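Structure first, then comments.
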Amino acid sequence: MRCWLKTEEMALEELMQRLNAVSQCADEIMHQDIIPLYAADIQDQLKKQFAYLSGGRGGDGCPVITFPDYPAFSEIPEKEFQNVLTYLTSIPSLRDAGIGFILVIDRRQDKWTSVKASILRIAASFPGNLQLVLVLRPTGFYHRALSDIAFRFNRDEFKMKVPIIMLGSVSELQGYIDKTQLTEDLGGTLDYCHNRWLSRRTAIEGFAQKVKQTAQILQSFGTELAETELPNDVQSTSSLLATHTEKKNKMKEDIRLAVEQGDDILGSITKPVTENPEYKLNQDQLDNQTTVERLLAQLHETESAFDEFWIKHQLKLEQCLRLRNFEQNFREVKAALDTASERLSAFTDVGNSFSHVEHILKDLANFEEKSCEIIAKARMLASEGDDFIQSNHYAVDSIIPKCSELHHLCDAFTTETEQRRNLLNKSLELHGLLEKSMKWCDEGIYLLASQPVDKCQSQDGAESALQEIEKFLDTGAGNKIKELNKIYREYAPILNEDLKEHVQKVYQKQESMEEMFQKRQISLKKLAAKQTRPVQPVAPRPEAFVKSPGTSPCLQREYISNSDSSALRRGNYRRGKSEMTEQHQSRGGSTMDDEENLAVLRQHVINELIETERAYVEELLCVLEGYAAEMDNPLMAHLISPELQNKKDILFGNMEEIYHFHNRIFLRELENYIEYPELVGRCFLDQMEDFQIYEKYCQNKPRSESLWRQFSDSVFFQECQRKLDHKLSLDSYLLKPVQRITKYQLLLKEMLKYSKNCEGAEDLQEALTSILGILKAVNDSMHQIAITGYDGNLNELGKLLMQGSFNVWIDHKKGHSKVKDLARFKPMQRHLFLHEKAVLFCKKREENGEGYEKAPSYSYKHSLNMAAVGITENVKGDAKKFEIWYNAREEVYIIQAPTPEVKATWVNEIRKVLTSQLQACREAIQHRTLEQTQSLPLPASSCASPSRNHIRNTKKMDEKKSDLTSLEGYGTTAAPKYPEKGKGWAKTSHSLDASEENDGWSSAEDPLNSSDAEEEGGGGGGGGEMKLTPGKYTVVTDYEKGVSEEFTVKSGDLVQLIREGEDGHWYVKNLSSGREGWIPANNLLMLIGNSKSAQSLSSSESGTASSTLSTSSSCSDSCNASSTSFSDIKG
């Protein structure tokens, strides 16, 4: 390791030295070590071109600096003048500059006074050595003569150590400098462009700076690489190697781009020669070429130095990565070896029978076979470490001990395994010997017990029995234990107390059996030798010894093993049966076994449902007690930040309500169905209304999550989590209710799949549908709460039925033609919310934020009252479009759904709303008519929006009663009489022109804003003004601005119109509060006018006919009537 660090330090030091040399060399090449001035710094000054270095040379190679005719020469600031001269004199090589410069001062168009001032200024400021000064004097006769005279008499004023030669023409100039070394303005042929020269100088100097910067950047990068500490894990090391490689590649790319830049500059310099081989570069061009070539050489040297350093650094990182992999593998292998060693140490049992030892040996062989892979991996890893050592890895000191440990562990494990196997083999040998001895003893005892006593009374019988005994005793040589002490010595390593006791018992049994044989032999010998009187041999008592040969411990062990194998076979049989059952079920079999299996599956689902429900309740209780309750704990108050205090309701929402519902009601009800899982759908249906509490929880979830993100690092939450010993933070548990409500539908689907032919299948299907409806309502409500800009209360619009995004076109009947045309071609993206009482148009905003805050927001635009809405189901040319029209098609909204299926769903839902409104109004009319015939002739209350239960009951009544008018049949019925003219509120139905071929559904518009109602009222002689009559009415809008400040009415109140005042006011009694007061008639009209006094629903079959079904009611003090009419409009 130390050797490697020393090597790395040497590599870094070498890199620094080489790169420093490159930087210094770049400065020397550009003469920046003497005059640190760049063309880019004085570019504006050089562009003035009051002096330039054309590249021409004198006879002895002196560089020529030309001062062209520059009228504003005297106005040049001294600083700029010095900068330009200093820069120009720094460009030629030191050798050429050392010879001296030739100055050509062109003043042919100038005056002598300016010539004199120019020469004096140049003489005073020129920073280099001068070889010769050539002045082209003014060409005018006067100034020329004056210059000759003045120069003669004022020669001493020009304090130059070189001769100043006054020339009258460029031909004289060519006598001093060759024509090829002069520019065209001086009569020469030298190709010079000042802008090109300036651009090239800027490029060369920029390239030189690039070379120097590259060297400096590589110095810093090399230092960074060398000083980076090596990580201690594989992932970090791999990441570091990738990062450094990426940076290295970027540096290489920068060097490549710099080389391309230098090659481009060099190519531009040598381009004339490339295009024309006879072209000769002037000395300045040759110097530029040499400069660029030297800079390129330095750049290549920089790249070479960095590549050499990178190879060493990369080798270090790769070795480090291999080392970290080796260390990680070492830890894994060592842990596996330790585990294997622990398992091997568990093989301490030497067995209690021959079969037991065989079983242990088999287990040991299996274990050894599995361990071979670990041992092989360990030996391979050790070999890999040895390779590291051989390749002079920088961490040899760390690798050698690990390799030694691996070798030691492998050898120790192998040795220990061999020792265990030898001991077990020894134990197997001993148990084999003991079982042979026991078997021999059992056979001997059986022999003694089986010898017939009566046959032994004779001499022949006694001799025969004696021979049998002797023959049997001869077999004992290979079966019996000869010396007990020898057994103890030979099997001492495996003899534990139990086994030693077993050996002693076997030996004692053997001795007892041999003693019995000896006694029998003595008796039989006496009988065989002499029989003076009958002898009755007594058979040995067999109660302690007479056993069947099959009762030995060995056979008992085998019996147990066979029992185990039988149990195993039974388990396999069950598994096979289960698999066969699944196959039968997948084929749809209906046998009794399939029914039993389905019952088992149903029981599994109900068990999972109840178990997860219990766990869910426990988790909720844990959160409420461990977090929510602790927020009110005074002992924890110091851990809660002030901003978090009093925010418990936001953080936890109505979790406590959810907990009480599940703990007190739902879980207990579920447990009642554990024996009848197929009926569990009824449990869900009975509690379905209570599941609405999840909607409130989910609506609060965005606020809860936002609050959690602000305070997730709070010490309070960390302390609560520590006390509860939770691995997950609070936000995971706050998500549990959302996860749980979505889990029910999955379990119900599973239960329904296994209960299709059961009694409760319908309830399960209905429960599944209801749960999915709740999930949809929750999802819709999450969108609804994102609506912004709506001034009213969204809850007053009734239940949210649908929501989705559409393309919308708007057509206004009274709008400007251009606006209407524009509306047809430019759709708006709108998100529609369909409620029971209104449809809202919103604009979807972009999503932002995190988590729940990423949900979109909806900016409210406008809404339509469903009481004044109609629909056209089909729009020509597009199966995805339908129309929603308002106020007798004054406004038509063309809606384009994403798919025809979405359109059909929305049209059906809107049709249901309009149908329910019509049905509710019909029932209200019938109820009012019944009241008018049985009570005082007071007007009945106008029909209000039906409740949800009432609508459902109404639908059921429609299904059962055949005498009600069918909305789909459009049958003809005699039209009742219309109300009398000028009395009550009248309403006509709106039917579409047949030429439009529309399928329209509509509920009635408000009579107070309907143009059709006004026309009808006008036709009846009542003028356009709607009149009120005394009676009972239902208020649909709050009113708090009455004449009496104490008199107010609320939506839903029942009011009695008592009398009409003279000043346009009505005296009203609020039957709900008992208060009375005056209300302006126009306000009263608005308050009760929105109640559905009239409803209409129109529909037509597509393409052939259109039918209109309308109902109207009138309220009058003297006459009350209701009418229903059907009219067919042929298409």
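Observations, loosely collected:
- Accessible surface comparison of Tyr754, Tyr52, probe 1.4 Å, protein chains only, largest first: the order is Tyr754, Tyr52.
- Cα centroid of the range 173-224 to Cα centroid of the range 687-728, whole Å: 72
- By a 1.4 Å probe calculation restricted to protein chains, Ile785 has an accessible surface near 80 Å², given to the nearest 10.
- In order along the range 857-863, the Karplus-derived 3J(HN,Hα) couplings, from 6.51 cos²θ - 1.76 cosθ + 1.60 at θ = phi - 60°, round to 10, 10, 8, 5, 10, 6, 9 Hz, and Gly and Pro are given as x.
- In terms of overall dimensions, the C-alpha atoms belonging to the range 654-766 reach 55, 28, 24 Å along their principal axes, ordered largest to smallest.
- Amide H contacts of Leu130 (H built 1.01 Å from N, under 5 Å, at least 5 apart or other chain): Phe101
- Distant-in-sequence amide contacts of Gly55, defined by a placed amide H-H separation under 5 Å and a gap of 5 or more residues or a different chain, comprise Val64.
- Computed extension gain for Asp338 through Ser236, at 0.36 nm per residue and net of the alpha carbon distance, reaches 34.0 nm.
- Förster radius 51 Å - calculated FRET efficiency between Ser171 and Ala21 (Cβ-Cβ, nearest 0.05): 0.50
- The range 239-301 and the range 604-640 have their alpha-carbon centroids 72 Å apart.
- Lysine-lysine proximity count for the range 205-286, Cα under 22 Å, sequence distance 8 or more or distinct chains: 9
- The number of Lys pairs in the range 299-402 with C-alpha atoms less than 24 Å apart, excluding pairs fewer than 8 positions apart on the same chain, is 8.
- For the set Ile674, Ile217, Ile487, the ranking by accessible area, highest first and with no ligand, DNA or RNA atoms included, is Ile217, Ile674, Ile487 under a 1.4 Å probe.
- In a fully extended conformation the segment linking Arg489 and Lys723 would gain 78.1 nm over its present Cα-Cα distance, using 0.36 nm per residue.
- Extension reserve of the Ile311-Gln687 stretch, reckoned as 0.36 nm per residue once the Cα distance is removed: 128.1 nm
- Each peptide in 696-702, 258-264 gets a packing score, the mean of other Cβ atoms within 10 Å over its residues, and the list from highest to lowest is 696-702, 258-264.
- Accessible area per residue was computed with a 1.4 Å probe on protein heavy atoms; Asp811 scores about 40 Å².
- Accessible surface of the range 194-325 [probe 1.4 Å, protein heavy atoms]: carbon and sulfur percent: 48
- Phi angles of the range 169-183 translate, via the Karplus equation with coefficients 6.51, -1.76, 1.60 and θ = phi - 60°, into HN-Hα couplings of 8, 5, 5, 5, 4, 5, x, 9, 10, 4, 4, 6, 9, 10, 6 Hz per residue; Gly and Pro are given as x.
- Whole-Å distance, taken between Cα centres, linking the range 458-478 and the range 358-403: 62
- Per DSSP, loop trypsin sites (Lys or Arg not before Pro) in the range 703-784 with at most 14 further Cβ within 10 Å: Lys727, Lys756
- The modelled label-to-label distance for the pair Glu373/Asp178, using points 7 Å beyond Cα in the direction of Cβ, is 8.8 nm.
- Distant-in-sequence amide H partners of Gly804 (H built 1.01 Å from N, under 5 Å): Leu832
- Note that the range 738-751 has calculated 3J(HN,Hα) couplings of 5, 5, 5, 5, 7, 6, 4, 5, 5, 5, 5, 4, 4, 4 Hz, one per residue in order, obtained from phi through the Karplus relation 6.51 cos²θ - 1.76 cosθ + 1.60 (θ = phi - 60°); glycine and proline are x.
- Heavy-atom accessible area ranking, 1.4 Å probe, most first, across Ser371, Ser857: Ser857, Ser371
- Scattering profile of the range 286-425 at q = 0.10, 0.13, 0.14, 0.17 Å⁻¹ [log10 I(q)/I(0), Debye over alpha-carbon scatterers]: -0.53, -0.70, -0.76, -0.92
- Radius of gyration and maximum dimension Dmax of the range 366-509, Cα, Å: 28.3, 98
The values are calculated or read from the model by the stated rules, or taken from the named source; none is laboratory data. The model shown is predicted, which means the values in this text are computed figures rather than measured ones. Every residue, glycine as well, gets a Cβ built from its backbone with ideal geometry; the counts of neighbours run over all protein chains shown. For accessibility, only protein heavy atoms count, side chains too; no ligands or nucleic acids. Shrake-Rupley method; radii C 1.70, N 1.55, O 1.52, S 1.80 Å.
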